[in-house]
Structure formats: C-alpha cells, structure tokens
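Before any comments, here is the structure.
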Amino acid sequence: MKSKSPIGQLLVEKNIISVDQLNQALDEQKQTKEMLGVTLVRLGFVDEEKIYLPILSEQLDVPFINLKDFSISSDVVKRVPAKIVDYYKIMPVEYKNNILTIALTNPLDIHVLDDVALAAKAKVDAVLASHKDIEEAIRKYYGLGAQTIEKMMDGVSVIEEDLGHEDLEELDSEASIGKFINQILLEAYRDGATDIHIEPFEDELNVRYRVDGLLHDAKVPANIKHFKDSINSRIKIMSNLNIAEKRLPQDGRFKVRTKNADLDLRVSFLPTPYGESVVIRLLSSTKLYSLLDLGLDKQNEVLLSSLIKKPHGIIFLTGPTGSGKTTTLYSCLSKINSIEKKIITIEDPVEYQLKGITQIQINSQVGLTFAAGLRSMLRHDPDVMMVGEVRDAETAEITIQVALTGHLVFSTLHTNDAASAVARLLDMGIESYLISSSVLCFIAQRLVRLICPKCKQPAKITPEMIQSLGLKQEDLQDVIIYEGKGCEFCGMTGYKGRQGIYEFLVLNEEIRDLILQKASAAQIKNKAVEFGMKTLRESGWEKIKSGLTSPSEVIRVTQEENI
C-alpha cells in the first residue's frame, strides 16, 4: 500500500471539507472509535461513493469497484456463509487460483480478512465498494434475511418430508422468525410496496411485493420453505388471530412503527393444499393526499372541489380493485372535514384513521352490514356520509334515500367506466328516476405508473399505440414521448410512483333525461363527451403529453375500453 497523507488532510487539501468539519469529525471519532472516513460520511460532510471511497482507494492503493457492474456466480457466493457476510458487511466478488476477492468498506481490518479466509478456506484479496452497494448485493445474491434463516437452519440436523414444519425449532427460533418478518416488512416499506404476498407451493415458499400495481419477486433464501408454518404463526400472533386454525380463512390487522411512518397492516390468511397463503397490505396511517397530489388536472380539481361542497347528493367513484378509489374518497373527506360538519363513514375495512371523522367497521357476523349501518348512521345527525361500497340493491336504495333527504354521500361501484355505473345501478333494480334525481357525478379512475425521473428518455410511439389511444397524426405535433430506460432507482422497471387518471360524468339535464329513458352506457358516454367529458384514455393522453407516463402504460390500465 502506498504511503499517503492522512485522509482528513487529503480532503482538506482538495477543499472538499473545511478544517472545522475535520475537527468536528475527529472529536466524534474519539467517541465512536470508527474510521475517520466513516464518520465524515455519517455526518454528511462527504459522499461515500463519489468522494470518500475513491480517495481512500488512491490513498491505500486498493481498487474501488462498482458492485452493480459485476455478475457474481453462485459458486463464489457459496464460499462465504450468509452470517459472516451480514456480520462483517462484505461481499465475495470473484474466486481465482485459490484467491477470493471480497468487497468491503475497510480493507485495513485484518480480523475481517482472517475470518473470511478461514471460512472460505482460501486466500483473501480486498477491494473497496460502497456500503449501500454491498448491502444491495447481499440481498440480491443471498436473499433477504439470509443470515436469520441460516442461523435457524443451524439447529435443524434432519428434515423429514412427512414431519410437520411447525416442529422445526418452532419455539427456539421465535425471536429469529420475528426478526425475519421485520426484515420483510421493512424491505417492503422501503421499496414502496402496497402488499406482501407469502405463497406456499409444493417445494418452495414465494415472497412477492406489489410495487406500483405490479408484483415483483422478493429475493429470499430457498431455506425459508422450512419455516412457513412458523412464519404464519408469528404473523397470526401479531394480528391476534387463532394460530391453531389452518382450515378456514382468517383476517386481522396489526401496527408497526418505522423511523418515518406508522404503518397499519391488514392481514389475510387463505388455506391452500400446501399451507396457508398470506397477504399483508401496508397502509400508512399518516399519508393523506391533497386533490392535486392525486393527479387531477386543474379543471377536474376545480370540478371536484365544487362537487364536494354540495349540500346533498351522491358522488360515486368507479373502477376495479386497486384503482385508488378509497384514496380519492379519503382525500375528499379530508378536504371538507371541519368542526362544523359531522362526517360518518361505514367501511369494510377501515383503511385509514381520520381524526374528527366517525368511522364504522362492517361486521357481518353480528349483523352490522352496510345497510344496517346506514340506518343507524342517520340517527347520529350526519352532514356527510361515506359508504365504502354499494354491493347490493338494499344498500343502493338506502344510500339514495339518504341523499334525497339532504345528505352528501360518497360511495364506490365496481364498473369499467363512469357511464357503466348507471347500468350497474339499474341492474340492481334501482329505478331510473331515483338515479337521475340523487346522483351528482360518476367518477371513473385508474392509476398509471409515472416514468422514473432518473432514467427518463425520449421514445417513439408506434402506429399500434396511436390507434389504441384513438389519436390522429396531427395530435402528435410538438409532442415528445418519453419512457423509462430502467435503472437502480426504479428497480429496472422504468417507473416510479403512480398518479390517477379520471373520467368525470357530471349529471346535467340532458344526461338525466337519458338515464330516465334507460339509455345504454354507450349513449350516455357519447352524450357526456359532447358536453366536454374527458375519457380515461384522453386523461391518460394528457399525462403522456406532460411527460409523466408512457403510451404503453395508459393502454395497459385502460384496455377495457377496447373490449
């Protein structure tokens, strides 16, 4: 290794840090006993990957590598146990001529090199890599929580196929199982996942995260399959469910706290031939959106703001499961929530806790249905009511009667577009005159993924896309189409985050007349378009023109229109 000036002095000489910052870091280092460079990075004085490690590489004459550029073979990974990799935060990179190259942030720690050499039965050579890259490589090649699973497997000497998996260190590994579940929850939260799917199959246990509406495989060790019943039991205990019941579906919830947010987790168990399948939905109890955050354009934001100030009537949100209807409803309630208004909701389940709003949870086992709850809610003198979903004729009739007696009501329906909601209510047996006299607006919505800002690049639009979006060639003048190339920030998907696209069908006199005549959904939609209604595809096109999303994404979420 070359003889160089101390790293603190080098950073001062290069005008990267000041003398005061160096002295502050030295004082801090006396307390922590860590490397000076680590202290400087932790205090935010230098960037680890761009400044500190390249200078350290120059000072020690140790190569600095970008781990993302390396494809590491499974044979190399198997040479070092997960518990050593996780404990020392190192990553094996290459094995040649009985020399194992490992990436780490402190190549001067001789104890680490000795321990790895002993475990790998090979000579060890060191290269520098950033702490973040090493952690990501560990997750990628060893799997999430690999060291925890490996530790639990240490006590399992023989695994018989006909032995119940709950017998494998069920009690002794409880703390480790808890730690593993915490790792899964934290990783899902950091990735921006809305759901965690834990799915048993004949010879494996899959863990997948739903991020921006699509499922992605979570890298977990193969050995996790031996602990599926232990994992389920732990989740049931956290959710206050019956751990002995494995034949019937069960639903529960529990709360966890991270540094940045309190998460409300909804849990659902479903029996399958190979064990219980679990879905955990992650809800942030503090994350509420303004109307503009939802993705509404200015015109629709003004329209919705005026609708939610009406004294009575119904506003229906329509769309499939996962299209963001509940989030839009909560945003509307949050905007009009005030000391002067009594707001009551009846939901299944209550997803977000809203301060100042009375929220009722459906419980069909004791007879608390939407219809029964609605009748009781009226005795509490509400100004505004929210019905989580209109599922049947009885709920629809009571909801309409509530609106006609001077209340503003919000609710949802499962239909493909706004105009189809009229047909849905008619199919339920609701009279057309009741629909036309009570409903203010039908709002259809979808969620489109937003192009990742880090890898956004111009793209070409194909003739097929132009046809699917119903565009003409002149519509493309002066429009730049974008797409995401895929990068580390967005998990190589090209997208990061989601926003809504909307279709507002406001009931004016002409639309009400069509409803009274029981006109088809197509006739109602065409008339609404004549009066200026933007369809879901047109709303999506506005997002494309703004460079927020891609044509393929809008086509994907609005494909029902072509059916």
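General remarks:
- Only one of Ser290, Ser323, Ser338 that is open to solvent by less than 10 Å² (accessible area, probe 1.4 Å) and either within 21 Å of Leu263 (Cβ to Cβ) or in a loop (DSSP other than H, G, I, E, B) (or both): Ser323
- For Asn66: the one exception among (1) farther than 27 Å from Ile7 by Cβ; (2) surrounded by fewer than 18 Cβ atoms within 10 Å (Cβ to Cβ); (3) modelled with pLDDT of 85 or more: (1)
- Every residue from segment 293-307 that is outside any helix (DSSP H, G or I) and crowded, with 18+ Cβ neighbours inside 10 Å: Leu294, Gly295, Leu296
- Taking segment 197-238 as the range and being among the hydrophobic types (A, V, I, L, M, F, W, C) and assigned to a helix (DSSP H, G or I) as the test, the residues that pass are Ala222, Ile224, Phe227, Ile231, Ile235, Ile237, Met238.
- Residue match in segment 208-216 (condition: open to solvent by 50 Å² or more (accessible area, probe 1.4 Å), charged (D, E, K, R) and modelled with pLDDT of 90 or more): yes
- The set of residues from segment 157-187 being modelled with pLDDT of 50 or more and more than 16 Å from Arg234 (Cβ to Cβ) comprises just one member, Glu187.
- From the options Ser74, Ser57, residue that is over 21 Å from Gly143 (Cβ atoms), of a type in the set (Gly, Ala, Ser) and surrounded by fewer than 17 Cβ atoms within 10 Å (Cβ to Cβ): Ser57
- As for segment 438-447, it holds at least one residue that is under 14 Å from Ile315 (Cα atoms), among the hydroxyl-bearing types (Ser, Thr, Tyr) and out of contact with any His (no Cβ under 7 Å at 6 or more places or on another chain).
- Residue under evaluation Ile524, criteria (1) in a helix (DSSP H, G or I); (2) farther than 22 Å from Val479 by Cβ; (3) open to solvent by 10 Å² or more (accessible area, probe 1.4 Å), criterion not met: (3)
- When the residues of segment 127-156 are filtered to those that are of a type in the set (Gly, Ala, Ser) and crowded, with 20+ Cβ neighbours inside 10 Å, the one that is modelled with the lowest pLDDT is Gly145.
- Count - residues of segment 35-54 that are of a type outside the set (A, V, I, L, M) and open to solvent by 50 Å² or more (accessible area, probe 1.4 Å): 5
The values are calculated or read from the model by the stated rules, or taken from the named source; none is laboratory data. As the structure is a computational prediction, the values presented were derived from the model and not from experiment. Here the Cβ is made from the backbone with ideal geometry for all residues, glycine too, and neighbour counts use every protein chain on show. With ligands, DNA and RNA removed, areas are computed over all heavy atoms of the protein, side chains included. Shrake-Rupley method; radii C 1.70, N 1.55, O 1.52, S 1.80 Å.
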